[in-house]
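The values are calculated or read from the model by the stated rules, or taken from the named source; none is laboratory data. This is a predicted model, so every value here is computed, not measured. Positions of Cβ are backbone-derived with ideal geometry, glycine not excepted, and every protein chain shown enters the neighbour counts. Side chains included, ligands, DNA and RNA excluded: accessible areas come from the protein's heavy atoms. Shrake-Rupley method; radii C 1.70, N 1.55, O 1.52, S 1.80 Å.
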Amino acid sequence: MSQSQRYRIGYALHPKKIQNLIRNSLLTYTNQRGIDLVKIDLSKPLIQQGHFHCIIHKLHPLDWNSLRLNEYLAKHPHTVIVDRPDLVQQLHNRVSMLEPMTHTRISLENDTVGVPKQILVDNEAIDEEVDIALKFPVIAKPLFADGTTSSHELCLVLDREGLRTLSDNNNNNSISNTSPMVLQEFVNHGGVVFKVYVAGEHVKCVKRNSLPDIKEEEARTLKGVAKFSQISNLTVHHDKKRSNEISGEIIEKAEMPPEGLIKELGRGLREAMGLNMFNVDVIRDAEDCNRYLVIDINYFPGYAKLPCYEPFITDFLLDSVCNKAS
Ligand SMILES: Nc1ncnc2c1ncn2[C@@H]1O[C@H](COP(=O)(O)OP(=O)(O)OP(=O)(O)O)[C@@H](O)[C@H]1O
Ligand SMILES: O=P(O)(O)O[C@H]1[C@H](OP(=O)(O)O)[C@@H](OP(=O)(O)O)[C@@H](O)[C@@H](O)[C@@H]1OP(=O)(O)O
Ligand SMILES: [Mg+2]
Ligand SMILES: [Mg+2]
C-alpha cells in the first residue's frame, strides 16, 4: 500500500452485529492501517452511498432488495464483495452446510475430520427413518439456520418416545410446528466444542462450553427430550457456582486440536464453499481422539469474541482489498 492510499470498506450489518463487532478498538486499529470502515445504510441503494473498495455483510435475503447490488456492481465492477450472497445461502440450511464436508477429505497424519450421521425428517414416518439410520441419543435441529431465535432452539432426544413428543404439535417441547428438522447423532466429546474462526487465510481456534457426555448407562435409562439453545455462548452454565467451576476446568484442560489440522480445515472449507468469513464448530469423539466432527458452520460469526480480534479482522480486510482473498 502506498503511504497515502486509504481503503473505504463498507459494512452492511444489523444493529446488534454492529454493536458487537464495530467497536472503538477496531475502528482505531483499522484507521491506523489505512481503512475507513463505513456503515452502509440498508434502506438506500448502494449506488447512492459512494464508492467502496470492499463490502462485508451479514444480511437476510430480503435486505438485499433495497441495496440493489447488481446496479452498484455495474458501475463499480472492482469492488470486492465478501462474500457472494448466493453462496452464503448454503449456510442457512443444516443439510447444505455440511455437504462440502462430505466432498472434502480433511485429514492430517492420524487425524480425520468428518460429520456426524444426520437425516432430514418431516413429521411423518419419523420413526422408521430414525430406526434405519441413527442411534439414540440424537439432537434435533431446525433445518433452517437463518439467524432467527427459533433456528437455534435444539432438542436432545433420548429415545423414541422423546421423538414422538417432538413431533407432537401440542407439546411444549416440539421444535416447531411447521419447519422441517434434521436429526443428528449425538457424539460424546468431553463437554468442549472447538470453534474455528476463519477470515480468508486467517484461522483461529478457541474452546467453548458444550453439552456434557452421556454415559452408556444413562443412554439406556434416560428418557424423553430436553430443549436447549446456544450453549456454547454460555460462559455461565447454570446459576450454580460449582458447576461453572467444573465446566471452566474441563475447558481449560481440554487439549486443542493440532494447529495443522485446523488450518487445513479452514482452507479446505473455504475452497469448497467459496466463502471467506465463517466459523466451524468441531467436536472430538470421546471414544476416538483422532476423530473430529464438524457439527455446525456459521456465516460471519461473533469475531469480537476472539482475543485480539482487531488485527485478525484488519489483516483479512487488507488481504481482501489487495485481492488476496478469493
Ligand atoms: N452431534 C452433536 N453431538 C454432540 N453435541 C452436539 C452435536 N450437535 C450439537 N451439539 C451441541 O449443541 C450445540 C449447539 O449445536 P449447533 O452448533 O448445531 O447449534 P447452533 O444453534 O447452530 O449454534 P450457533 O450458536 O453456533 O450457531 C453445540 O455447540 C454442541 O455443544
Ligand atoms: O451474536 P454473536 O456475535 O455472538 O455471533 C453469533 C451469531 O449471531 P449474530 O450474527 O446474530 O450476531 C450467530 O448467527 P446466526 O446463526 O444467529 O445468524 C451464529 O453465527 C453464532 O455462531 C455466533 O456466535 P459464535 O459462533 O461466534 O460464538
Ligand atoms: Mg454452533
Ligand atoms: Mg449455527
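Odds and ends about this structure:
- Pair K305, K39: separation of 7 Å Cα→Cβ label points (nm): 2.4
- Spin-label pair D288/V95, simplified geometry with 7 Å Cα→Cβ offset, distance in nm: 2.6
- Lysines with Cα under 26 Å of K75, excluding same-chain neighbours fewer than 8 positions away: K39, K44, K58, K324
- Translational diffusion of segment 66-153, estimated by Stokes-Einstein from the Kirkwood radius over alpha carbon pairs at 20 °C in a medium of 1.002 mPa s, is 129 µm² per second.
- Calculated over segment 274-317: convex hull of Cα atoms, volume per residue (Å³): 112
- Taking E310, E252, E216 in turn, the Gaussian network model of the chain (Cα-Cα springs below 10 Å) assigns the largest fluctuation to E216.
- Surrounding net charge for A140, when Lys and Arg each add one and Asp and Glu each subtract one, Cβ distance under 10 Å: +1
- Once the 1.4 Å probe is applied to the protein heavy atoms, the chain comes out at 51 Å² accessible per residue.
- From most to least packed by mean Cβ count within 10 Å, the peptides 299-308, 102-111 give 299-308, 102-111.
- Per residue Cα convex hull volume in Å³ - calculated over segment 6-60: 73
- The value of relative contact order for the chain, using C-alpha pairs under 8 Å at least six residues apart, is 20 percent.
- Electrostatic dipole magnitude of segment 1-120 [Cβ: Lys, Arg +1; Asp, Glu -1; Cα centre; debye, to 20]: 360
- Extension gain for the segment T102 to I231, taken as residue separation times 0.36 nm less the Cα-Cα distance, is 43.9 nm to one decimal.
- Carbon-plus-sulfur accessible fraction, the chain (probe radius 1.4 Å, protein heavy atoms only): 50%.
- Computed magnitude of the charge dipole of the chain (debye, nearest 20; Cβ of K, R +1, Cβ of D, E -1): 1440
- Counted charge near Q118, where neighbours are those whose Cβ lies closer than 10 Å (Asp, Glu -1; Lys, Arg +1): +2
- Cα gyration tensor, segment 78-121 - rounded (a/c under 1.5), prolate or oblate: oblate
- Long hydrophobic helices in the chain: the complete DSSP H runs spanning 20 Å or more by Cα along their own axis with mean Kyte-Doolittle hydropathy of at least -0.5 are 259-273.
- For segment 1-116, the calculated P(r), taken from all Cα-Cα distances in 5 Å bins from zero up to the bin holding the longest distance, is 2, 9, 16, 17, 15, 13, 11, 9, 5, 1, 0 percent.
- Along each principal axis, Cα extent of segment 253-326, largest first, Å: 44, 27, 21
- Cα-projected label distance for Q48 with K223, points at 7 Å along beta-carbon direction, nm: 6.2
- Residue pairs, from the table K215/K263; K135/K227; K17/K215; K17/K263; K141/K223, whose Cα atoms sit over 28 Å apart: K215/K263; K17/K215
- Selected from M181, M277, M256 as most flexible by GNM, with the chain as the system and alpha-carbon contacts under 10 Å: M256
- Protection proxy ranking of 69-80, 199-210, by the mean of other Cβ atoms within 10 Å over each peptide's residues and highest first, is 199-210, 69-80.
- Calculated SAXS-style log₁₀ I(q)/I(0) at q = 0.13 Å⁻¹ - the chain, Debye, Cα scatterers: -1.04
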